[in-house]
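The values are calculated or read from the model by the stated rules, or taken from the named source; none is laboratory data. A quick note: this is a predicted structure, and the numbers were derived from the prediction, not measured. A quick note on method: Cβ atoms are made from the backbone with ideal geometry, for glycine too, and the neighbour counts reach across all protein chains shown. Keep in mind that these areas ignore ligands, DNA and RNA; they rest on the heavy atoms of the full protein, side chains included. Shrake-Rupley method; radii C 1.70, N 1.55, O 1.52, S 1.80 Å.
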Amino acid sequence: LDVASYRERVRAMFYHAYEHYLESAFPYDELRPLTCDGQDTWGSFSLTLIDALDTLLILGNVSEFQRVVNVLQEGVDFDIDVNASVFETNIRVVGGLLSAHLLSRKAGVEVEAGWPCSGPLLRMAEEAARKLLPAFQTPTGMPYGTVNLLHGVNPGETPVTCTAGIGTFIVEFATLSHLTGDPVFEDVARKALKALWKNRSDIGLVGNHIDVITAKWVAQDAGIGAGVDSYFEYLVKGAILLQDKELMSMFLEYNKAIKNYTKFDDWYLWVQMYKGTVSMPVFQSLEAYWPGLQSLIGDVDNAMRTFLNYYTVWKQFGGLPEFYNIPQGYTVDKREGYPLRPELIESAMYLYRATRDPTLLELGRDAVESIEKISKVDCGFATIKDLRDHRLDNRMESFFLAETIKYLYLLFDPDNFIHNDGSDFDVVITPYGECVLNAGGYIFNTEAHPIDPAALHCCRKRKEEQWEVEDLMREFYSLKKTRKFALKRPSDRGEAESAKDSEDAEKAGEKRNSKKSSHSLLSCPSQSFNSKLAVLGQVFLDNT
């Protein structure tokens, strides 16, 4: 398989779609490829532009990335009287802006002094996320599904939200909290995750839709697909991003129940959440993310087996129908379409990184051939309304440029900066010290917006850490007088106590013998190393 030629074909697909969006649809959310015009779908944010921004950089187009950043700063306003999906606004708008913010220095944008802890795209992401916060003000902490960006939650808004619409915030909201120093985002996201966990059934499953006021399950189908999917994905990705064992153990518990009750011959079915009886023997195209998720927890063999099942469906139709009846081996009535979704390609990209199995490149090849053959029109790429007769629909979803093209390109571009193994990195000076960025290990949100996990450690604004820095500065200055440097274990103390530190440091020289245990002068600190103890890279010893 000629990887380079497929990579170039994917690049050409991107520009065919992107240029027609700019020409015919901007500033609307999405392109209508059959009529060559645009429509607002998820709000009114020029959504395709926000969603495609980081894809531009992955394709290496820094000049257009820079131009779009300026366009978005000028033109996007969230103070509008629009009812928006809380879930979609988070994954597409907040996620897209955060990712572009963290990549903007790499893209040659002149960043402001406090970056990555400040910047215009970060302020936009925060503004968009603040508009979503009213949705979380419920008795359970589980959010409403829709919010008005001007007025908050509409009176009479339905309290029924799907599981994914409750559990798909931790990646974006924790990133926001770590960058801005405002814990409210991470707090509401965690509370929502825990509320779902608390309401799982006795056999360990969650349903599809729940009432966020009463916590009663309204739709009791349990599975890994539509309505549930990204909740499981964000437990794993949140655990990796935040190094959080609790989130991972929640996922592993669910994983056991999913294997026990929904898995049959490397397919996953839908079952009743309380009894575990099969309710629908259906494979949904959205479930195709699951092998990629399994690869993230190292379960590569099971992932490959399930992937190969899903790939047979692709080969049968030249795409994945929204629903596929497993026993009958055919599409489900009214669900024969393929809106150019990314999930199977996403799994192929992850599994190819893990195994280098050439079958995965073959899926990429099939996807390129089939999308070009069936869905390409003069004005872009159109949703396939019916895989049986290749009828098209007048819509090009923004995820086609955000995800489908991005994962295809990354599958065929082994040397992309996104695949960095840590051998290459940038060091940035922030107000809180030195910070390593762009070393790889990117976590993709569920709209394929990559988040650099290292960035979460750049902007520590927590109170105790400010005191720690102040303590160290005091010790550093008192050291100039005493020519000695006392290293102390940081403890949780208030400012009143820390004011005494400078005197303590001076007395430390005299009281050396009597205070050996708590204040000994160390030439080799016994506590774990903390970068904040290195003042301008100098290490201070006895008699410095």
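Please verify whether the stretch 256-275 includes one or more residues that are assigned to a helix (DSSP H, G or I) and hydrophobic (A, V, I, L, M, F, W, C). Checked against the condition, which is being assigned to a helix (DSSP H, G or I) and hydrophobic (A, V, I, L, M, F, W, C), the stretch 256-275 yields at least one hit. A single member of Val271, Val300 is among the β-branched types (Val, Ile, Thr), closer than 19 Å to Thr163 by Cα and either in the same structural domain as Arg388 (by the TED database) or surrounded by 21 or more Cβ atoms within 10 Å (Cβ to Cβ) (or both), and it is Val271.
Applying the set (1) assigned to a loop (DSSP other than H, G, I, E, B); (2) open to solvent by 50 Å² or more (accessible area, probe 1.4 Å); (3) of a type outside the set (Gly, Ala, Ser) to Phe45 leaves exactly one unmet item: (2). Being of a type in the set (Asp, Glu), open to solvent by 10 Å² or more (accessible area, probe 1.4 Å) and more than 13 Å from Phe87 (Cβ to Cβ): is that true of Asp229 here? No.
Of the helices (runs of 4 or more DSSP H) that lie entirely inside the stretch 296-413, those containing 1 or more residues that are over 30 Å from Asn255 (Cβ atoms) and without any contact (Cβ under 8 Å) to a residue 40 or more places away in the chain span 358-370.
The stretch 165-251 holds helices (runs of 4 or more DSSP H) entirely within its bounds, and those carrying 2 or more residues that are within 16 Å of the chain's Cα centre (by Cα) and free of Cβ contacts under 8 Å to residues at least 40 places away in the same chain map to 184-198.
Criterion applied to Ser347, Ser398, Ser375 was being more than 23 Å from the chain's Cα centre (by Cα), of a type in the set (S, T, N, Q) and open to solvent by less than 20 Å² (accessible area, probe 1.4 Å), and the one residue passing it is Ser375.
Taking the criterion of being at positive phi and modelled with pLDDT under 95, the only residue of the stretch 31-43 that qualifies is Gly43. Does Pro139 meet the test of being in contact with a Gly (Cβ under 7 Å, 6 or more places away or on another chain), open to solvent by 10 Å² or more (accessible area, probe 1.4 Å) and assigned by the TED database to the domain that holds Val271? Answer is no for this residue. For the stretch 86-125, taking the residues that are out of contact with any Lys or Arg (no Cβ under 9 Å at 6 or more places or on another chain) and of a type in the set (Ser, Thr, Tyr), the one that is surrounded by the most Cβ atoms within 10 Å (Cβ to Cβ) is identified as Ser99.
The condition of being touching a Ser or Thr at 6+ places or on another chain (Cβ under 7 Å) and at pLDDT 95 or above holds for only one of Leu196, Leu242, that being Leu196. In the set Gly96, Gly108, only one residue is part of a loop (DSSP other than H, G, I, E, B) and small (Gly, Ala, Ser); that residue is Gly108. Considering the stretch 60-85, the residues that are open to solvent by 10 Å² or more (accessible area, probe 1.4 Å), in contact (Cβ under 8 Å) with a residue 12 or more places away in the chain and of a type outside the set (S, T, N, Q) include one that is nearest to Ala100 (Cα to Cα), namely Val62. Can you name the residue in the stretch 180-208 that is open to solvent by 60 Å² or more (accessible area, probe 1.4 Å) and in contact with a helix residue (DSSP H, G or I) (Cβ under 9 Å, 6 or more places away or on another chain) and, of all such residues, is nearest to Ala226 (Cα to Cα)? Out of the qualifying residues, it is Arg200.
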